[in-house]
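Read the structure below first, then the notes.
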Amino acid sequence: MPGTIPRWQWFHDYFAPTEVHLHGYKRMLFQKETPYQLLEIVDSPFFGKMLILDGDVQSSQLDEYIYHEALVQPAMISHPEPKRVLVMGGGEGATLREVLRHKTVQKATMFDLDPEVIKASREFLPEWSQGAFEDPRVELIFGDARALLSGHQGEPFDVIISDLTDPFQEGPSYLLFTREFFSLVFDKLSPHGIFALQASLLRNLTYEMHRAIATTLKTVFPIVHSYFAYVQAFDTTWGFAIASKNIDPKKILPSEIDRRISERISGELKFYDGETHISLFHLPKDIRALIAQGGPVIEDKKPFWLPRKGNE
């Protein structure tokens with residue numbers, strides 16, 4: 001019948017108490033309450049397969065490359081020769097995939113809390129990892145990222161990538177965005193080390209979490225920049241942060257970025273190049289002003305967390 005709305009199942013992605021994004025999906029491919037979170041994989045007629053953790057969209061088949069290239073490539077390309085890389089989180093395997101594109105990488109260590117996410121992703125989302133988990137350069141370790149990083153006794157990492165879930169109240173990640181944790185990251189980096197992390201929503205109505213993360217990073221690292229990319233499945237611009245001991249990614253010319261990509265990257269990037277690198281850091285005036293105001297410093301005893309999805 002003309003005008004009839006198909007009887008899809010609907011997933012509610014809560015942005016704020018009065019703002020909800022609805023995703024229609026054809027079927028639930030997988031659902032499980034793990035010891036750490038609610039894990040769901042759905043089949044969307046618009047975005048393809050989608051990974052959802054605790055009611056929060058992590059990535060979609062249509063545009064995951066935007067998020068993962070934006071998270072990984074600025075840090076990896078900015079480093080002169082990343083050999084040892086740590087990935088924290090990123091259970092789909094796409095963050096690891098982007099790291100392994102670099103011919104310089106000799107070892108990629110991955111810390112992940114929840115083996116069920118990786119198991120389900122390998123079965124239902126193999127397009128994300130593209131064989132990354134089977135790469136001989138990879139060491140996969142399950143456990144809490146903070147405890148594992150604290151106990152790490154090997155050589156320092158050239159690049160550390162944090163693809164951890166947002167710090168929801170009573171969730172598994174809220175102590176992985178604090179000054180104490182960022183100090184631990186700093187200590188485990190090599191002299192030219194670079195740290196990149198997903199840093200929550202970044203737009204003028206929902207910026208508090210990102211601003212607090214950026215403010216906290218600046219108490220530990222001498223060079224810190226916010227950047228963002230629009231991710232369609234998230235229906236918003238998503239914030240990232242990059243922090244370095246002595247390398248400033250904003251000072252690298254687009255031509256040099258493109259040269260490094262051509263020499264160091266295996267396969268073809270779909271989103272990131274020299275021009276994109278520069279544009280990622282070009283924040284609009286209102287966002288720059290909000291970040292410049294500074295926010296609270298996140299500490300173990302003073303965490304900054306987000307309310308549980310749907311309970312705002």
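Readers should treat all values here as calculations from the given coordinates under stated rules, not as data from a laboratory. As the structure is a computational prediction, the values presented were derived from the model and not from experiment. Glycine gets a Cβ as well: all are built from the backbone with ideal geometry, and neighbour counts include every protein chain shown.
Couple of notes before you dig in:
- In loop segments of the stretch 1-101 as defined by DSSP, there are no GluC sites (Glu not before Pro) with at most 15 further C-beta atoms inside 10 Å of their C-beta.
- Working ranking of peptides 45-51, 57-63 by packing, defined as the average number of other Cβ atoms within 10 Å per residue, highest first, is 57-63, 45-51.
- Reachable lysines, given that their alpha-carbon falls under 21 Å from the alpha-carbon of residue 302 and they are not under 8 places away in the same chain: 218
- Listed by Cβ neighbour count within 10 Å, with the fewest neighbours leading, 23, 192, 12 appear as 12, 192, 23.
- Computed from backbone phi, the HN-Hα couplings of the stretch 242-257 come to 10, 9, 9, 6, 7, 9, 9, x, 6, 9, 8, 6, x, 5, 6, 4 Hz, rounded to whole numbers (Karplus: 6.51 cos²θ - 1.76 cosθ + 1.60, θ = phi - 60°; Gly and Pro given as x).
- The GluC sites (Glu not before Pro) of the stretch 167-262 that DSSP puts in a loop, and whose beta carbon has at most 10 other beta carbons within 10 Å, are 170.
- Nitroxide proxy distance, nm - points 7 Å out along Cα→Cβ at residue 246 and residue 183: 2.3
- Taking 109, 237 and counting other C-beta atoms within 10 Å, the order from fewest to most: 237, 109
- Qualifying chymotrypsin sites (Phe, Trp or Tyr not before Pro) in the stretch 217-284, where qualification requires a DSSP coil assignment and no more than 15 other C-beta atoms within 10 Å, comprise 271, 281.
- For residue 200, the amide hydrogen comes within under 5 Å of the amide hydrogens of 239, counting only partners 5 or more places away or on other chains and with H modelled in the peptide plane.
- Dipole of the stretch 64-292 computed with +1 at Lys/Arg Cβ and -1 at Asp/Glu Cβ about the Cα centre; of 226, 131, 271, farthest Cα towards the positive end is 226.
- The calculated FRET efficiency for residue 104 paired with residue 27, based on their beta-carbon distance and R0 = 41 Å, is about 0.50.
- Structure note, pairs 245/285; 188/245; 83/119; 26/270; 103/250: Cα-Cα distances above 21 angstrom occur for 245/285; 83/119; 26/270; 103/250.
- Projected over every direction and averaged, the convex hull enclosing the alpha-carbon atoms of the stretch 35-194 yields 9.1 nm².
- Label-reachable residues, the stretch 194-235, where backbone N falls under 13 Å from a point 7 Å from residue 293's Cα toward its Cβ: 203-212
- Rounded, prolate or oblate (a/c below 1.5 giving rounded, otherwise prolate when a/b exceeds b/c) for the stretch 9-56 by Cα gyration tensor: oblate
- DSSP-defined beta bridges in the chain - what % are antiparallel, rounded to 5: 65
- In the chain, Cα pairs under 8 Å separated by at least six residues give a relative contact order of 18 percent.
- The phi-based Karplus calculation (6.51 cos²θ - 1.76 cosθ + 1.60; θ = phi - 60°) puts the 3J(HN,Hα) values of the stretch 273-289 at 8, x, 5, 5, 3, 5, 5, 4, 8, 8, 7, x, 4, 5, 5, 4, 5 Hz, whole numbers, x for Gly and Pro.
- Charging the Cβ of each Asp and Glu at -1 and of each Lys and Arg at +1, and nothing else, the dipole of the stretch 64-292 about its Cα centre rounds to 800 debye.
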